[in-house]
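Structure record follows, encoded as C-alpha cells.
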Amino acid sequence: MNYPVNESVRIIPGVGEVAQSALERLGITSMKDLLNWFPRAYLDASRPQPIRSLPYGQLAAVHGTVDQVETRRSRSRGVPMLEAVVRDEAGSVMRLRWFNQSFLKQKLKPGTKWIFIGVANRFQGETQMLSPLIEEVPRILSVYGQTKGVTSKMMRGYLDWALRRVDLAESLPPALVERNGLLSKAEAWHGIHQPMKMADVQSARHRLAFEEVFWFFIRMALGREERQQEGGIVISAPLDVLREAVAGLPFELTAGQKRAIWDSVQDMRSGRPMTRLLNGDVGSGKTVVAAVLAAVVAKAGHQSVLLVPTEILAKQHAQSIDALLSRLGCRVAIWTAAQKDGLEGADIIIGTQAVLQEAFSLPRLAFVVIDEQHRFGVRQRQVLRRQSTQAPHILSMTATPIPRTLALALYGDLQVSFLRDKPKDRLPVMTYLVRPGQKAVVHQRIVTEQAAGHQVFIICPLIEEKERKEAGGASAEPALFEILDEVEQGNRERKTVLREVERLRKEHPEYGVIEPIHGKMKAEEKRAVMDRMAKGEVQVLVATSVIEVGVDVPGATVMVIEGAERFGLAQLHQFRGRVGRSSYQSYCFLCPTLMAPAISGRLQVLVDHGSGFEVAEADLALRGPGELGGSIQSGLPDFRMASLTDLSFLQEVKEKAEAALSEHFEFFKNHPEATYSKNTGGLE
Ligand code: ADP
Ligand code: MG
C-alpha cells in the first residue's frame, strides 16, 4: 500500500524530530514538498576525470586507488585529520584530507579502489581535495540544498524511500500529458531525483517545467477572472487634483512617469481593483509616481499605505513624500516597529512589515503601494487585502526591472507600466572592473570626488562568521561546503565592514568621517548614520547589503563594491543605483577578491550595460535554462525548472493553459494547485 503525497515526511524511517524540524525550515512537511525539493546539481561519478587535468575550484569525480593513508593532527587547529594519497589509472596522484573522520581509515585500505568526488585545489604544489565524498559504484549523484540537521546524503535516502513508497499520482489532466508527449509525473520525479543518465534529467525537467508554467498561467487566468467579479473602490477625485499635484513637483515628470500615473488613475476609477506592476530601473523615479497617486487617493477621501522593506527606507520616504505632498494638505504618517507617528487622520502611511503584523484595521484604506516588492510575501499582501471590505488598489514597484518582452509574456500589457527613461539630467554611472591589487585607481577617484565635496559608499560582503555560514550554507554537500570554506578562509582575507572601517580610518585619515552601517545595528543607530550621510556629515559609508534598496543620497558619487563576485548582477545593479542620483558624474568600482574568467565575464555585463533592463536580460541569459537555485528576481515567478529566457515556451504553455481552462473550468477552479496564493510574482 502506497502513501498519499500529502502524507507527512515524519513517517519516513529515520526522520526524527530533529530532521523533521530541519526539513520544515526548508519548507518541506509533506511527501509532495520533499519530492519537489529538486537537486541543485548532479555529480556524474560515472565519468571519471584524470587527476592531471582536474579543473580547480569545480566539482569533479576521480576514480583512484589508495596508495597510502595515515592519521595525524592538523597543524592549525589540532583536529584529527585523515590523509590519503590516491593514484588514477594514468599514474597521477593527489592528496585527500578529511577532518574528524578518522573512521574512514577502515575503509580506505591501501590498494582499494574508490570514486572520490570533491572540489580539487592546489595546495603546496600538489593537487588536493578536502573532504571528498567516497562512492563505491559509478552513478549519478543528486546534490541537494540542505540545512543544519539534514545533509544532502540524508535527503537522497529520504527521497529514495519516498519514490518507492509514495503514490506518485498524475497531477495534470492525462489527456494533456499525452497530447504534449510529456513524461508522467512518476517518471518525472524518478528522472529528476534518480537519473540513470543525464538525458533523463532533461526530459524530467521538461515535464516539470511544463507543469509549473502551466499552473502559473492557470492561476493568473483564474485571478483575472476573480478580479473581474470583485468590486474595486472607485477613486473619484477630480482631475484638477492630479494636475495640481503634478504642477507643484520640483521637476518635470518623465514620459514614463506621466503614463504610469495616468494609467493607474484610470484603473482606480474603473470600479475594479487595480493590480499593477511599476517596472522601472533604479533611479527612474518610482517614488514620485506613488506619491502623486496617493495624493489623488487622499483627495478622494481615502487612505494609502506605502510598504517598504526597511526602517531606513520608511523614514526616508516619509520625509521625501511629505516634502512633495504637504503643500497639498496631505498628512503623512510613519508606522514601523520602532516608530508610530501621526497615524490619527493620516492620508498616507509609510510603513514596514509592522503594518501587517498588527491586526489593525484601516477603514479608509484604498491604495497599497509595495516598494521593492520582492521583500514581501504573497501571504502578507493578502493580509492587506483583508484590511478593508473592498479590495484596495495595489501598485507593486520592482527593485529590478524586468525585460519588457518577458514582463508582457508573463503578465500581459494591461498590468505593467514601464519607466524606461531616466530623469533628464542624469549621466550614466561610469563602471569599472578593478583587478585585485589595482586598487590605486579607486583611491585616486575617491580623493578627486571628495575634493569636489562628494561622498562615497563602500559595500563589503558579509559581517561575521555566522551570517557567512548561513549565506552559503545551503550550497552543496556538507563536506564540499566545508572545503570551499577552508580554502577561502586560508587564501583570502574576508573584509567585514568593521575591519574595513578600522583599516580605512588608519590608512586613509584624509577620507574624513568614515562610518559603518550593517544589519546588526539597531534601527535608530542605522537611521542616525543614514541621516548624517544624507546631511553630508559622513564622507565614507561602509555598508553591508543593508543599503541595497532604495536609499537616496544625491551627494554620493562613488560606489565601491568589495567582493563583487559574491553578489548577483541584479543586486550589483541596485548598489550602483545608489550613486548617479544627481547631475554629477558618478563612478562604480567592482572589486572582486579573486579573478576567474567566469567572474570577470559576469561582472563585465555591468561595465557594458548601464540600463537595468539590459542587465536583467543578460542576467537571465547567463543563468540559462533550467539552472537550479539562483536568486528570485523581483516581480518574477520563482520557476525552478522553467527558464524565463525561453519566451516561446512560456507563450506556448500559456495558450495551452488558457485553452484547457476554458474547456474544463470547473476542474481547474477547484484544483488545489490553482489557489492563487503562490508563484505569480506578486500579481495574483
Ligand atoms: P527609484 O525608482 O529608484 O525608487 P526614486 O523614486 O528614489 O527612484 O527617485 C530617484 C531620485 O530622482 C529622487 O531624488 C527623485 O526626487 C528624483 N526624481 C524622480 N523623478 C524625477 C524627474 N522626473 N526629474 C528629476 N528628478 C526626478
Ligand atoms: Mg525606490
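The values are calculated or read from the model by the stated rules, or taken from the named source; none is laboratory data. Small disclaimer: the values here were computed from a predicted structure and weren't measured. Using ideal geometry, Cβ is built from the backbone for each residue, glycine included, and neighbour counts are taken over all protein chains shown. Protein only, heavy atoms only, side chains kept; ligands, DNA and RNA dropped before computing areas. Shrake-Rupley method; radii C 1.70, N 1.55, O 1.52, S 1.80 Å.
In a residue-by-residue description of region 312-323, the property of being farther than 30 Å from Ala543 by Cβ and open to solvent by less than 30 Å² (accessible area, probe 1.4 Å) applies to no position.
Of note, Phe116 does not satisfy the criterion of being touching a Leu at 6+ places or on another chain (Cβ under 8 Å) and assigned to a loop (DSSP other than H, G, I, E, B). Within region 254-304, the set of residues being without any contact (Cβ under 8 Å) to a residue 24 or more places away in the chain and either under 18 Å from Arg364 (Cα atoms) or within 16 Å of ligand 1 (Cβ to nearest atom) (or both) comprises Lys258, Trp262. Restricting the search to strands (runs of 3 or more DSSP E) fully inside region 1-99 and requiring at least 2 residues that are in contact with a Phe, Trp or Tyr (Cβ under 7 Å, 6 or more places away or on another chain) gives 59-73, 80-87. Scan region 100-122 for residues that are modelled with pLDDT under 90 and buried (at least 18 other Cβ atoms within 10 Å of the Cβ) and the total you get is 5. When region 421-453 is filtered for residues that are surrounded by fewer than 17 Cβ atoms within 10 Å (Cβ to Cβ), within 16 Å of ligand 1 (Cβ to nearest atom) and either within 26 Å of the chain's Cα centre (by Cα) or over 30 Å from Arg259 (Cβ atoms) (or both), the ones remaining, listed by number, are Asp421, Pro428. Within region 195-208, one or more residues are under 28 Å from the mean Cα position of the chain (by Cα), closer than 30 Å to Ala657 by Cα and polar (S, T, N, Q).
Do we have any residue at all in region 143-166 that's in contact with a strand residue (DSSP E or B) (Cβ under 7 Å, 6 or more places away or on another chain), open to solvent by 60 Å² or more (accessible area, probe 1.4 Å), in the same structural domain as Phe38 (by TED's automatic domain parsing) and at pLDDT 90 or above? Yes.
This table checks each residue for (1) more than 28 Å from the chain's Cα centre (by Cα); (2) loosely packed, with under 15 Cβ neighbours inside 10 Å; (3) not basic (Lys, Arg).
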site	(1), (2), (3)
Glu510	yes, yes, yes
Glu525	no, yes, yes
Leu541	no, no, yes
Thr544	no, no, yes
Leu569	no, no, yes
Phe575	no, no, yes
Arg581	no, no, no
Leu590	no, no, yes
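The requirement of being out of contact with any strand residue (DSSP E or B) (no Cβ under 8 Å at 6 or more places or on another chain) and among the small types (Gly, Ala, Ser) is fulfilled somewhere in region 66-87, by at least one residue.
When residues in region 350-391 are screened for being within 23 Å of Leu419 (Cα to Cα) and at pLDDT below 85, 5 of them pass.
Of all residues being at pLDDT 90 or above and assigned to a loop (DSSP other than H, G, I, E, B) in region 581-597, which is farthest from ligand 2 (Cβ to nearest atom)? Just the residue, please. Here the residue is Pro592. Residues in region 202-224: is at least one within 30 Å of Ala294 (Cα to Cα) and either open to solvent by 70 Å² or more (accessible area, probe 1.4 Å) or assigned by TED's automatic domain parsing to the domain that holds Val15 (or both)? Checking region 202-224: at least one residue is within 30 Å of Ala294 (Cα to Cα) and either open to solvent by 70 Å² or more (accessible area, probe 1.4 Å) or assigned by TED's automatic domain parsing to the domain that holds Val15 (or both). Looking at Glu684, Glu614, Glu627, Glu673, can you tell me which residue is at pLDDT 85 or above and among the acidic types (Asp, Glu)? Testing whether each residue is at pLDDT 85 or above and among the acidic types (Asp, Glu) leaves just Glu614.
Scanning region 62-84 for residues that are open to solvent by less than 20 Å² (accessible area, probe 1.4 Å) and touching an Asp or Glu at 6+ places or on another chain (Cβ under 7 Å) gives Val62, Gly64, Glu83.
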